[in-house]
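Heads up: the structure comes next, in structure tokens.
Derivation of every value follows stated rules applied to the coordinates shown; laboratory data play no part. Not measured: the values here are computed from a predicted model. Cβ atoms come from the backbone with ideal geometry, glycine included; neighbour counts cover every protein chain shown.
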Amino acid sequence: MSDERTPVAEPKPKRSRRRWLMIILGIALAFVAYAFSVQATDVDLSQIKDETRREQLFRILRALAQPDLIHYDTEEILVTADLYVPCSGEVPERDLSEPYIVVEPPCGNAGDIVTVQGFGFEPEASAGLDFVPDSEFAITLTLDRFETDSEGDFSIDVELPARESENAQQIQARTKTQVGSWTNRVSVWTDANENGVEDTGEIPDSGEIAVSVLTGRVQEIGAVALVGPDNDLVQFIAFGNENSPTSGPAQGEIPFDVGEARVQTFSGDVTGNGEEVVISGTDLESDPPQVTIAGDAGTDLGAWEVVVYDTTELNRFDRTAVGDLFALSPRLSENALETWDKIIETVALAFLATTVGLMMAIPLSFLAARNLMRDISTPVTNLALNMLAFPVGLVLGAVLAGWAGDISGALTDSWGVMLIGLVVIPAAMYYTVKWAIPEHDVEPPSTQTKAARGIALGGVGFAGIVFLYLFSELSMDVGGFLGDNLGLFSFLGTFIATMGELLEAILVVISAVLGAGVLMNLAGRLGYAMRTRLPAALVRTINLPLAAAAGAVVAAIIGMIINWFYEFDNPMRTFWIPVIIGALIGLGLAVRAYQKESVGVGLVIYYAARTLFNTLRSIEPLVMGIVFVVWVGFGPFAGSLALALHTTAALAKLYSEQVESIAAGPLEAVRATGATRLQTVVYAVVPQIVPPYISFTMYRWDINVRMSTIIGFVGGGGIGFLLQQNINLLQYRAAAAQMLAIAIVVATMDYISARLRERLV
């Protein structure tokens, strides 16, 4: 008898069946999700079969593959062949050494189909075919368009028009050929002032140049204007008419009475050393009218224009170039040059946005790091006094900035006085600080001495604001002078002048912040004195009204801000109710901290900073660009501000998260030594965050380069505006040049940032 037993099959676990059920359910849900997405996005594959759409797509792709970078001037080639309609004469033989066309048959009746063949043309060139009838007028009838093959030949059937004559008529092929090559560049002249003469635009040895002005839209001239490069108005002369122009470069100008004419002269300085170019005479009765321009011999006026206005209301004008255009063919196209300028502007825009955002994000990132902020607390007394002192200090600082501005304005009336002030004020500040903050006191200073020192330091701060106003004025003057005289490096002077303007613009803010900081420091000292010199029970009792007052002030400020945005103009809703609610909240916090006498403010600052960063990051830079364009106008400055603000929020979040992930050991070790909070950040936090900070910054610069190409779509400068313009005008070859430039810059930036990360991170 065998002991072997037949094994009993165990049932499959329920978990296996459940897993399969979940897989099937997941597949079904994915199928439903994709089906709904296809319906929501209107996927219609029937459109790809449309022949018209395919042709448009191929045309766009071919245009994008041929970016507009090189410009060839062209000259038109006209090739004709005689034709009789009806047949009545003998057609002469053709010269086969040049491009020629042959018509078969060489005659026919109106409505007949003839074959036109061409030979020896430019390969793969676009051309037109015309019929030139026998007429006393210059008439050309368009028959068709064609393209030559790779050999420069073509063959096309056309219908003869109903233009009969006994004389020979002509079939004409129109095509264009490129002028010059890169190995043999040819100078091409364009008659910009349409006078049939090659004018260089250079003032001759006589010191005067006569310009025959165009009067296509002006029947009788009532005013003339001399316009320099970049459409800068140099001189405006009106003959008896007292109106101001409503259009053109002289729009809104009201010249001064000078005899029979009224003249206004602006800056005609073309060399930077006082050499002027002006209109010296007019002969408006000649045919065509002439304007004489005087200046130093050899001065190039090729980019200058003379503008004429009519005699009615000076609202119609016509332009005449002083000199003609001379250029080599082939050459870089205007689109290529403009693309180069805009891509440089784009990179500079991204650089400014990244560096400004970096400087703002680093200090803000520590406020959004939870591990640094969670243990920060402050006594209720100090907190309440600081909240009360803050708005008062802001107002006081702004008022002092206004007084300092008035004083500096009086000092800047004279260069000598301003320079004396720039020397005397720092010297006085140095000796005052040296007296007010001695290295050591022989004996403890009296209360009067402390007060005098405090007042002296306050005077030093005020004098410092006056000095900064003077320094900003000096920077603007020096920068303007250098910008006018440095030539190729004029941007250095412009930078100095801009920094002066920026300093002057933010001095009120700087003064207000300093005023708030000083008062908050004094308030903190007062709070410390109260807590150390008064009984604890009395301090806790005083904290109740102080906290209520602080809460009321904060709530009132918030209410005023809300009222500014929404314009409620209801004091009860925007002032009194917030004040009451704020006072109750402040009182409640003081009661809650009645025994501890301190409140944790670190997490409040942390959550406020995080909320601010998340809000700014959620707003697209494109929207920010629209706001800044309204504020500072179209151009790259608006784009820089928009990207800088978004960069600040993005980098501050990334930086703060990196601070939160640092090792806690060094932090605790430095704190154990009794280090201050600033010392803790410098010695325990900074060494751990430098490599990731560099990596994040480079990554953000790469992002800003790509985003700056889009910010131009709303007028924020950079190459994006040019790209959008060409796309809207269906100029895909021009747009392809901008797309190529963007791709090259992004790839280059990616390579550079990768190499820098390898070396620094």
Helix-only [θ]222 nm of the chain, DSSP H runs n ≥ 4, -39500 (n - 2.57) each, per residue, nearest 500 = -18000 deg cm²/dmol
Classified through the alpha carbon gyration tensor (a ≥ b ≥ c as square roots of its eigenvalues; rounded if a/c is under 1.5, else prolate when a/b is larger than b/c, else oblate), the stretch 30-127 comes out oblate
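How would you order 104-111, 236-243, 711-718 from highest to lowest mean count of nearby Cβ atoms within 10 Å?
Working: 104-111: 14.0, 236-243: 17.9, 711-718: 25.8.
Averaged packing, sorted descending, gives the order 711-718, 236-243, 104-111.
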Taking Cα centroids, how far is the stretch 587-616 from the stretch 483-540 in Å?
-> 25
All Cα pairs of the stretch 71-178, percent lying beyond 25 Å = 19
Using a 10 Å cut-off on Cβ atoms, rank the peptides 599-611, 484-496 from the highest mean neighbour count down.
-> 599-611, 484-496
Check the straight Cα-Cα distances from LYS434 and name the aspartates and glutamates below 18 Å, setting aside those fewer than 8 residues away within the same chain.
-> GLU443
Using alpha carbon centers only, the stretch 367-431 is separated from the stretch 668-693 by a whole-angstrom value of 29
Using alpha-carbon positions, the gyration tensor of the chain gives root eigenvalues a ≥ b ≥ c; with a/c under 1.5 called rounded, otherwise prolate if a/b exceeds b/c, else oblate, the class is oblate
Stokes-Einstein D for the stretch 189-329, Kirkwood Rh over Cα pairs, 10 °C, 1.306 mPa s (µm²/s) = 105
Hz values of 3J(HN,Hα) by residue in the stretch 287-294 - Karplus curve (6.51, -1.76, 1.60), Gly and Pro given as x = 10, x, x, 10, 10, 9, 10, 10
Both in Å, the radius of gyration and Dmax of the C-alpha trace of the stretch 424-486 are 17.6, 59
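Over every pair of different alpha-carbon atoms in the stretch 697-761, take the mean of 1/r and invert it; report that Kirkwood radius in Å. Could the numbers behind the result be given before it?
Numbers: mean 1/r = 0.0792 Å⁻¹.
12.6 Å is the Kirkwood radius here.
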